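For reference, the structure discussed in these notes is given below.
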Amino acid sequence: MLHTPTVIPLDRPTRAPQTELPPVSERLEGIVPDVERVVLEPLIEEIEALKVERNAVVLAHNYMTPDIFYGVADLRGDSLQLARLAAETEADVIVMAGVHFMAETAKIVNPSKTVLIPDTRAGCSLAESISGADVRLLRERYPGVPVVTYVNTSADVKAESDICCTSSNAVKVVESLGVDRVIFLPDQYLGRWVASQTNVDVILWQGSCIVHEKFTGDELRHYRTMWPGVEIIAHPECPPDVLEEADFVGSTSGMIHYVADNKPRQVLMVTECSMADNVAVESPGTEFVRPCVLCPHMQRITVENIRDALVHMRHEVVVEPTVADRARLAVERMLAVGPSK
Ligand code: 13P
Ligand code: SF4
């Protein structure tokens, strides 16, 4: 039987570790089936004890599955929020329940902390699409043009960049530079989206997200015929025909806020599909139309490997200090610009 869930609202990404979560026995009520809770609860109890022993905090991206998102995470958010939370935390250990670039960013902004990623294979197709050497070549080709780099990149790439951005502040970051042309790396679709929202000329790289590039405008039009009145909200990593068809475009947190503020009767979130599971928990009046595309990298993170990360203090994320110092400048410039709204 499903119970009324006890949850921390999605629009409250921060809390002091070990102070406000409901008891482990209540966290997953109504969120995962009882049969799974029997297995998960002892693991989560173990994680709670290890967090205290190690003075650790678990940061979780919005794409984490509900067992992690509601059962394990201390702090949650989109890429920008996670970078900010990592910079602010007083815990000694940060476990990143997300992908490698998020863990690296945490280490860059808070280098004295031990940052752990539970599975080193949790990468990102965007981060893999470009190297620091590629950025140096682009700078030679377009001398004097500032480089704006999506955080979905390695520390090496950030170190070669003028400023970073996330999907929640890309337009604001580009406009903050006060120039008429930028090099935007590496997501061609986010770059095109930014170009459509500004008068700034955008030089693109051919990177893309293996999750968001799968959606098409035709597919969304098909869903509209099947669910007339459905509100379609999309992540800006989607191709232009998808974004044209969407009623709203925003980061993962932007999409969460859209649902909380507008309470649509039916919604289709055009993004990684674990997020709809999380948002649905807190949106009882909304029906979610769910084409499901999962990110294989995000899916690498499990309750078990978070526990193992804390038991064995693995896998520590290390960024070479001279690279980290240069990358930090680009990330801190982004943090100073802040979110779009
Ligand atoms: P957000 O910054 O919107 O959370 O996006 C991160 C990401 O990897 C999307 O695929
Ligand atoms: Fe990278 Fe796409 Fe996965 Fe996000 S969803 S981590 S952009 S591959």
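The values are calculated or read from the model by the stated rules, or taken from the named source; none is laboratory data. This is a predicted model, so every value here is computed, not measured. Every residue, glycine as well, gets a Cβ built from its backbone with ideal geometry; the counts of neighbours run over all protein chains shown.
Does the range 185-232 hold any residues that are within 15 Å of ligand 2 (Cβ to nearest atom) and of a type in the set (A, V, I, L, M), and which are they?
185, 190, 210, 211 - these are the residues of the range 185-232 that are within 15 Å of ligand 2 (Cβ to nearest atom) and of a type in the set (A, V, I, L, M).
Checking the condition within 16 Å of ligand 2 (Cβ to nearest atom) and either of a type in the set (A, V, I, L, M) or in a loop (DSSP other than H, G, I, E, B) (or both), which residue from 31, 44, 68, 108 passes?
From the options 31, 44, 68, 108, the qualifying one is 68.
The rows are residues; the columns are (1) closer than 14 Å to residue 289 by Cα; (2) under 16 Å from the mean Cα position of the chain (by Cα); (3) within 13 Å of ligand 2 (Cβ to nearest atom).
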site	(1), (2), (3)
183	no, no, no
237	no, yes, yes
243	no, no, no
254	no, yes, no
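Give me the residue from the range 122-134 that is away from ligand 1 (no atom under 16 Å from the Cβ) and part of a helix (DSSP H, G or I) and, out of that set, farthest from residue 111 (Cα to Cα).
Applying the filter and picking the extreme gives 134.
How about the range 135-174: which of its residues are without any contact (Cβ under 8 Å) to a residue 60 or more places away in the chain, away from ligand 1 (no atom under 16 Å from the Cβ), not aliphatic (A, V, I, L, M) and not in a loop (DSSP other than H, G, I, E, B)?
136, 139, 140, 141
Can you find, within the range 277-315, the residue that is nearest to residue 239 (Cα to Cα) among those that are surrounded by fewer than 21 Cβ atoms within 10 Å (Cβ to Cβ) and small (Gly, Ala, Ser)?
280
Going by the conditions given, is residue 59 within 16 Å of ligand 2 (Cβ to nearest atom), hydrophobic (A, V, I, L, M, F, W, C), under 28 Å from residue 257 (Cβ atoms) and buried (at least 22 other Cβ atoms within 10 Å of the Cβ)?
yes
Residue check, residue 180 against (1) under 21 Å from residue 244 (Cα atoms); (2) more than 15 Å from ligand 1 (Cβ to nearest atom); (3) not hydrophobic (A, V, I, L, M, F, W, C), all met but one. Which one?
For residue 180, the exception is condition (1).
Would you check if residue 105 is over 20 Å from residue 213 (Cβ atoms), surrounded by fewer than 22 Cβ atoms within 10 Å (Cβ to Cβ) and touching a residue at least 40 places away in the same chain (Cβ under 8 Å)?
The answer is no for residue 105.
Only residues that are among the small types (Gly, Ala, Ser) and either within 9 Å of ligand 1 (Cβ to nearest atom) or farther than 19 Å from residue 273 by Cα (or both): list them for the range 69-84, please.
77, 79, 83
Can you pull out every residue in the range 281-335 that is of a type in the set (Gly, Ala, Ser) and not in a helix (DSSP H, G or I)?
Once the filter is applied, which keeps residues that are of a type in the set (Gly, Ala, Ser) and not in a helix (DSSP H, G or I), the range 281-335 yields 283, 285.
Does any residue of the range 149-167 turn out to be out of contact with any Lys or Arg (no Cβ under 6 Å at 6 or more places or on another chain), closer than 30 Å to residue 266 by Cα and modelled with pLDDT of 95 or more?
The answer is yes, given that some residue of the range 149-167 is out of contact with any Lys or Arg (no Cβ under 6 Å at 6 or more places or on another chain), closer than 30 Å to residue 266 by Cα and modelled with pLDDT of 95 or more.
Quick check, is residue 28 touching a residue at least 40 places away in the same chain (Cβ under 8 Å) and in contact with an Asp or Glu (Cβ under 6 Å, 6 or more places away or on another chain)?
No, not satisfied.
Restricting the range 221-280 to residues that are among the basic types (Lys, Arg) and either within 16 Å of ligand 1 (Cβ to nearest atom) or part of a helix (DSSP H, G or I) (or both), which is farthest from residue 32 (Cα to Cα)?
Selected residue: 221.
Identify, by number, the condition in (1) modelled with pLDDT of 90 or more; (2) out of contact with any Gly (no Cβ under 7 Å at 6 or more places or on another chain) that residue 11 doesn't meet.
(1)
Go through the range 203-243 and report how many residues are of a type in the set (Lys, Arg) and free of Cβ contacts under 8 Å to residues at least 24 places away in the same chain.
Total satisfying the criteria: 1.
Out of everything in the range 264-300 that is farther than 30 Å from residue 315 by Cα and small (Gly, Ala, Ser), what residue ends up being nearest to ligand 2 (Cβ to nearest atom)?
Going through the qualifying residues, I end up with 280.
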